[in-house]
Each structure stands twice: as structure tokens, then as C-alpha cells.
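The values are calculated or read from the model by the stated rules, or taken from the named source; none is laboratory data. Small disclaimer: the values here were computed from a predicted structure and weren't measured. When we count neighbours, we look across all protein chains shown, and the Cβ atoms used for this are built from the backbone with ideal geometry, even at glycine. Just the protein is used for accessible areas: all its heavy atoms, side chains included, with ligands, DNA and RNA removed. Shrake-Rupley method; radii C 1.70, N 1.55, O 1.52, S 1.80 Å.
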Amino acid sequence: MRHLYLAYAGRRTGQAIVVVLLTYVVTFLAISVLPGDPVTSTLRNPENGFSEEEIARIVSYYGLDQPVAVQLWQALSRFLVGDLGVSMRTNLPVAQLVGAVVGSTLVLAASALAVALVLAGAIAYGAHRFPWAPGRSLLRSLPSFFLSVPTFVIGLVLIYVFAFDLGLFRVIEPDSAWATFFAALTLGVPVSAQLAEVLIAGLDHEAQQEYTSVARSRGLGEARLYLRHLLKPSSLPVVTVLALTVGELLGGAVITETIFGRTGIGSLVQRSVSTQDLPVLQAVVALAAVVFVVVNLAADLLYPLLDPRVRRVGSARSGAGVGAVGAGSAGVGSVGAGTPDGELESADVLAAFVADEQLAAVGDSAIEVPLEERVRVS
Amino acid sequence: MTVVSLRLPRRAAAGDRSPATASLAVARRRPPVDVLVSIGVLAVVLVWSVAPGLVTSQDPADGVPADKLLGPSAAHWFGTDHLGRDVFTRVVYGSSSSVLSALVAVAIGLLVGGLIGLIAGFIGGWVDSTLSRLVDVLLAIPGFLLAVVIVTALGFQTINAAIATGVSAVAVFARLMRAETIRTRQSVFVEAAYLQGGSATHVLTRHVLPNASRSVVALAVLQFGVSILVIASLAFLGYGDPPPASDWGLLVSAGKDYRTAPWLVYTPAVVIIATVLALNRVSRWLRKTD
């Protein structure tokens, strides 16, 4: 078993590295092949005030006078040793620009994640345990509503209400505690919706299991039942969704940081877009891909350790790419939280898409072997 | 942007049922009230986008300076902006580029992603592995970031924002289509079709595509809503057509500078939310009707 897990871990790590390198190549090609020559137009733009020598230096650094294949090879070999290139706008190393702002974005993203987890937990628990039925169904439809509101509207409304009307924070101090909290709320609300949907679906499933009735009949209190018994199996799929939403936090940071006036990766992206500073964009995309791939790899590798049902067959999981990508032959069935014939129909109001495939993807590892055997037998 | 994915339908119950029975089930089931309301909302928005002149007689670009920053009233349902332009008229005229460009985005995602998924799932083997890695790559880049990069390279126009949004949706469609194709390809009735001498083309058009269509259509409707949000966000950041265009996201962005006139932000925002909410509801209903 142990060596099977190690082989699985090795294969997944290899795939992850390939994906990161390919991502860099794809972004590079997208930027260089797409029509328009933003590089030259930026360099020659009189507003940027580059002298002829500086232009010549940048052109030779990026090999802009060389064929695309050569440029790609140079860029890739620099990327491999951790050199992210030089900003065309400021002439500073990209790594330095990113390093200066990454801390602020990490704080924002971590707070957003915390807000999202608390919010999702509260919504899911409320959707099950709220004492008033209309309140429960309202809570059930809340994630769907959250997913329909643009991030910028959430941010603007929060600023209008809490900064302008209630005076809780001042927009000119974007790094104050309250301002950070509301920025995190803006970023966290859409994420919380996705987590809540999976969590509600999971709780629905677990609440129907026989062990729940047994626990109830033996006099276990409701709060204890949910926290001690139902929460753990229901939150396993949340790990997968959590990993998949990491990239979204970076994308959402572009809007959130712009609205709240924070300095961070998002506002760096926004500034680089308006100045057509492509090396910075390329570096941020590459970093985002690295973060996404690493987090999903960690989630995939942790999963067999967290869920004993998956552990038994986890090593047999094959062809699963990043996160839920490879819903391959394994993903044939619809699977509840890891149980082959689990049905999520009970999550009627919110049998939401987001939740669903995550569960299927999570479950696929658990049923892969039986399913393949069945195919072979038939 | 949003992590969107579809559940793979139940194996035995839905998968092995022939498409004909499935469509009977649809006909039997009457849509619930909230779905009807959602369809109504979408119909209104569609009329706005196709024939804005039918709904409002005012000009979206022409204002009456004396009437600037008026609150919502019978004459100006959504109030007026800083140039005295009627906001309702601007929202109505903005819907065509907001909604139709989202349609373009979905079409790109559906066609390109669907084709990738179909080829990967149907042929399998090394083709599948190669295409799956490509999809992994697209998934690894945050959707919104990818859209931003593409729109930067293409130039700031609404149609480019639509293309960028479409490209970032390719992976989701490819993933679903691949899973659906594999599911159908392995089912008993496909085996039977082959045994009776059916060709690959026959299986593809008669079995694989009809069986995949339900989930794929539901995803397309959902992705329509997501695309509206992404395009509105790009317009909000100023990556779409510049003013006097009145994309919904652009209206919110322009309105946020007038603190005393909150309706400039709230009215287009409510229109966006209502449209996306309606699309999500219809999508979920389509998904569940089997």
C-alpha cells in the first residue's frame, strides 16, 4: 500500500510540474502570437521615455529581435532558475515588483479564506438547524444569490454602507483593520458560496445516513451530532473545492484591490494592464499557476490520508489531473461524498453545479477500482 | 472566475435511459413558479438587447443638462446621471453589448471546449492524455486573470473581452464534455449499437451528443451568467468599449464617482444580479429535469 501511495504521489507531482511549465509556455505564446505588438508599442511609447540604449538593452534581454522559438527558450530557461524577467514599464526586476506587494495580497487572501470558511459553515449549519423553516430555505438559496452578485458590486455596497454611511473605516486608509476585513469579505463572499453549497450537500447526505438515526436514537444532542459526526465527512469535499478556489482569490484580488485602493498583486496586474507591461502579467500568471497547482497537488496528496475510504484505493487513482480535472473513466458514476451510490438529490434546492462535480471528483477515487472490475467482468 | 462544474449524472438511472424517454420526462414536468419568473426576466432582457428602441423612446447618449442627477421617478425610472441622461435608457441600450457579448463568450467556450472534450473522450488514448494536459493548463490559470491577459493582448474592446471570457470558459466545457462522452461510450446501448453494425459517426450523432446535450446545455446557461459577470467586471475595470458605451459594468464604474446619486450604482447592479440569478435558476432547473 505504502509504495503504491508513493508511486501515486510521484506521478501526480510529475504531472504538476509539467502543467506549470506548459502554463508558462501557453501564456508566453498567447502574448507573443496574438495580434498586436504591445511590446514594441510600449517601448516606443514616448510617454514611457525610454532612451535608445535602454530600448536596445530590453530588446536584447528579451531577444525581441530573435524568432519566437528562441525567445520562448530563453524565457523558459530564465523561469526555470526563478528569474521572472524585467518590467518594461519601470525597468525593475519583476521579482522585486511582485515581492514588494505579495505580502499585502497574502494577508487579504488569507483573511478572505477565513471569512469564507466561517460564512460557509454558518450558512450550511443554519440551512440545517435554523429554527424557522422559511429561514432555512432562505439560507439554502443564499449561496446561489452570492454567486449572482458581481464582486465589484459587493465591494461598492460595503464601502457605501460601512465607510461612507456608518464611518467604520476610511477609504484613504486601505490597510486599517476594518478596511482589510471588508476587502476580505468582498473577496470571500463568492468563495463562501461555493464552499457552502458543497457543505450543505454533504450535510444533507450525511443526515440521511443510518448512523445519524442511530446517534439520535441514543440521545445525542443535535449540536454535538453535527459538530462531532456530520461535519467531518461533509467537509472532506470542501478541501477539494477550497483548493480549486485558490486561483479565484487571485483573480478576484484584481477587482477587490482596485476598489479598496489596496496595493497588492491585483493592483499590480491592473497597473500592468493599463501600461501593457506584459512581462509582469506573464510572471503573475505563472505564479498564480504555480500556487494553484501546488495547492491542488497538496489537496490530492492529503486526501487519501484524510479519508480512510479513499486510502484503501487511493493509489489506484489514475489519470486524475489537477484537482478534479481527470474525471475520467472513474468519474463515470455520480458519487456522493465518497460513497458509490450516494445521491445528492436531497440537496434539492441547491443541488448546485459547483458542489456536484467536486463530490463526484472526490468520490471517483473511491469507486474507481470496483467500477473497473465491473467493466472487466462484463 | 467561478469554479464551475457539473455533476456527472447518475449512472444507471439517467445514463442507460434512451434519450426519448428522457425528453418525455421533460414534457411531463411543468416548470415551477420561480423558474417561470426567471424565464420572464430573461425574456425582458432579451427584448432590451435586441430592440432597445421598443422599450424606451429616449436617447442613451443625449442628456438634458438641467435634469442632471435626478433620483428615480415616473419620468426617469432609474434616475438620471451627471449629464442628465436617463439611466434606464442607458441600461437598456447597454444590455445588447453586455448580454450578446456574453453569448459570444458562451459560444466560444461551448464550441471549442465541447470539441476538445468530445475528441478527448471519444478517441481516448494519447489524444486524450494530450488534450487533458492542455485543459489542466487552462484550469491552472485563474479564469479572470486569463481573461485580463488576453484582453490586454487583443486590445480594450467589448468584443475582445467576450473572446477572452470565452477562452477562459473552454476548460470547463471540455471537462464536462469529456466526462459525458466517456460515460456514454461505455454504456450498454452504445455497445449494442456497435454490435448491430453502427459506425462511429452514427454512435457519435445518435447517442453521444444527445446524451451529453442535457448537462452541456445546463452548463451553457450557467456559464452565460458567469460570462455576464466576467464581462461586467472587465467593463468595470475599463477593459471594454469606452464611454459613451453603456455596458452594465461600465455604468456601475462611472456611477460610483457620484456619491450623492447611489441609484447610478444600484440600478445597473440590480439588473446584473437579476439577470444572472435568473440564468442560474433556469440552469439548475434544466439540470434537474431528468
Original post:
Residues B:GLY249, B:GLY197, B:GLY238, B:GLY225: which one is at the interface with another protein chain (Cβ under 9 Å from one of its Cβ atoms), at positive phi and either in a loop (DSSP other than H, G, I, E, B) or not basic (Lys, Arg) (or both)?
Top reply: B:GLY238
Original post:
Among A:LEU287, A:LEU305, A:LEU301, A:LEU281, which is surrounded by 23 or more Cβ atoms within 10 Å (Cβ to Cβ) and touching a helix residue (DSSP H, G or I) at 6+ places or on another chain (Cβ under 9 Å)?
Top reply: A:LEU281
Original post:
Yes or no: B:ALA254 open to solvent by 40 Å² or more (accessible area, probe 1.4 Å) and assigned to a helix (DSSP H, G or I)?
Top reply: yes
**OP:** Test A:LEU250 against the stated conditions and say whether it is assigned to a helix (DSSP H, G or I), closer than 30 Å to A:LEU108 by Cβ and either within 12 Å of another protein chain (Cβ to nearest Cβ) or out of contact with any helix residue (DSSP H, G or I) (no Cβ under 8 Å at 6 or more places or on another chain) (or both).
**Re:** yes
**OP:** Check whether at least one residue in segment B:208-215 is more than 9 Å from chain A (Cβ to nearest Cβ), open to solvent by 20 Å² or more (accessible area, probe 1.4 Å), closer than 19 Å to B:ILE119 by Cα and within 20 Å of the chain's Cα centre (by Cα), and report yes or no.
**Re:** yes
Original post:
If a residue has to be of a type outside the set (Phe, Trp, Tyr), open to solvent by less than 20 Å² (accessible area, probe 1.4 Å) and within 7 Å of chain A (Cβ to nearest Cβ) to count, how many in segment B:133-151 make the cut?
Top reply: 11
Subject >> Counted residues, segment B:257-287 - those being open to solvent by 50 Å² or more (accessible area, probe 1.4 Å), facing chain A (nearest Cβ under 8 Å) and either hydrophobic (A, V, I, L, M, F, W, C) or within 19 Å of B:VAL37 (Cα to Cα) (or both) >> reply: 2
**OP:** Considering only segment A:208-224, state which residues are among the aliphatic types (A, V, I, L, M), modelled with pLDDT under 85 and assigned to a helix (DSSP H, G or I).
**Re:** A:ALA223
**OP:** Given the conditions (1) at the interface with chain B (Cβ under 10 Å from one of its Cβ atoms); (2) open to solvent by 10 Å² or more (accessible area, probe 1.4 Å), report the number of the one that A:LEU236 does not fulfil.
**Re:** (1)
**OP:** List every residue pair whose Cβ atoms sit under 8 Å apart, with the two residues 6 or more apart in sequence or on different chains, where the first one lies in segment A:12-24 and is without any contact (Cβ under 8 Å) to a residue 12 or more places away in the chain and the second, anywhere, is part of a helix (DSSP H, G or I).
**Re:** A:VAL18/B:ARG133; A:LEU22/B:ARG133; A:LEU22/B:LEU134; A:LEU22/B:ASP136; A:LEU22/B:VAL137
Original post:
On the given criteria, is B:THR181 open to solvent by 10 Å² or more (accessible area, probe 1.4 Å), more than 30 Å from B:ARG85 (Cβ to Cβ) and either assigned to a helix (DSSP H, G or I) or of a type in the set (A, V, I, L, M) (or both)?
Top reply: no
Original post:
Does B:GLY79 satisfy the condition of being within 24 Å of the chain's Cα centre (by Cα) and either over 19 Å from B:SER233 (Cα atoms) or at the interface with chain A (Cβ under 8 Å from one of its Cβ atoms) (or both)?
Top reply: no
Original post:
For segment A:282-290, does any single residue satisfy the condition of being more than 19 Å from A:VAL102 (Cβ to Cβ) and more than 8 Å from chain B (Cβ to nearest Cβ)?
Top reply: no
**OP:** Specify which of the listed residues (B:GLY71, B:GLY53) is in contact (Cβ under 8 Å) with a residue 24 or more places away in the chain and either in contact with a helix residue (DSSP H, G or I) (Cβ under 7 Å, 6 or more places away or on another chain) or over 19 Å from B:PRO243 (Cβ atoms) (or both).
**Re:** B:GLY71
**OP:** Check segment B:154-173 and report whether any residue there is in contact (Cβ under 8 Å) with a residue 40 or more places away in the chain, outside any helix (DSSP H, G or I) and within 20 Å of the chain's Cα centre (by Cα).
**Re:** yes
Original post:
Looking at this structure, is B:LEU70 in a helix (DSSP H, G or I) and open to solvent by 50 Å² or more (accessible area, probe 1.4 Å)?
Top reply: no
Subject >> Count of segment A:133-166 residues which are open to solvent by 20 Å² or more (accessible area, probe 1.4 Å) and of a type in the set (Gly, Ala, Ser) >> reply: 3
**OP:** With respect to B:GLY121, determine if the residue is in contact (Cβ under 8 Å) with a residue 24 or more places away in the chain, within 14 Å of chain A (Cβ to nearest Cβ) and more than 26 Å from A:ALA283 (Cα to Cα).
**Re:** yes
**OP:** Would you check if B:ALA75 is at pLDDT below 75 and farther than 16 Å from B:TYR258 by Cβ?
**Re:** yes
Original post:
Only one of (1) farther than 19 Å from B:GLY255 by Cβ; (2) exposed (fewer than 12 other Cβ atoms within 10 Å of the Cβ); (3) of a type in the set (S, T, N, Q) fails for B:SER49. Which number is that?
Top reply: (2)
